[in-house]
Amino acid sequence: LADVLRLVDSTDLAPGAHAVDLGCGKGVCAVALAERGFSVLGVDGFQPFIEQARRRAELEKPDDRGVFWPGDFRAPLSGGLEFALATLISVGPFAGDHAATIGAIREAVRPGGWIVIATRVLTTGAPAKTIGMTAAAAAPL
């Protein structure tokens, strides 16, 4: 998470910018983004994680900037919403292959926005042989 947040902190995105955390899990990254001033939508397909993310947000009180949706990651990407930042952490391709997944995310990120992808699993499925993340990359659009 520290690598992701360093990348996010290096962007020029202003407080209040809309972010989506795809595969938000228990809300750790989403709440950290809210604490940095982002208006965050966290999405995860596992309802118990969404419930834990909501509790985390309530406890840490990031100024009510976090909203958590249970369901398919593709829903906010195809629903006409536009984000300044999209994060995908430790989640494999959810829209087919890697190219289709990145393409789906790109469609929902506004020009000048950022996509941050971090993973510990190589495309072959083999575990990483490095300490920390295999990749943590941010790309402006």
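The values are calculated or read from the model by the stated rules, or taken from the named source; none is laboratory data. Nothing here was measured: the structure is a model prediction, and the numbers come from that model. No Cβ is skipped: glycine too gets one built from the backbone with ideal geometry, and neighbour counts run over all protein chains shown. Remember, those area values only see protein heavy atoms, side chains included, never the ligands or the DNA or RNA. Shrake-Rupley method; radii C 1.70, N 1.55, O 1.52, S 1.80 Å.
Accessible area of Glu107 (1.4 Å probe, protein heavy atoms only, ligands and nucleic acids ignored): about 150 Å². Each residue of the stretch 38-49 is assigned a 3J(HN,Hα), and the resulting list reads 6, 8, 10, 10, x, 10, 8, x, 10, 3, x, 5 Hz, derived from the Karplus form 6.51 cos²θ - 1.76 cosθ + 1.60 (θ = phi - 60°), x at Gly and Pro. One quarter of the surface of the convex hull around the alpha-carbon atoms of the stretch 6-111 equals 6.2 nm², the direction-averaged projected area. Under 15 Å from a label point 7 Å along Cα→Cβ of Arg74: give me every residue in the stretch 41-65 with its amide N that close. It comes to 45, nothing else. On full extension, the segment bounded by Ala2 and Glu107 gains 35.2 nm, given 0.36 nm per residue less the C-alpha separation. Label reach from Ala14 (point 7 Å along Cα→C-beta): in the stretch 36-50, amide nitrogens under 16 Å belong to 37-39. Accessible surface for the stretch 4-106, divided over its residues, is 49 Å² per residue with a 1.4 Å probe. Of the whole protein surface, Ile115 contributes about 20 Å² of accessible area at a 1.4 Å probe radius.
The solvent-accessible area of Ser10, taken with every protein chain present and a 1.4 Å probe, is close to 80 Å².
Between Val40 and Ala19, Gly66, Val67, the built amide H atoms are under 5 Å apart, and every one of these is 5 or more places off in sequence or on another chain.
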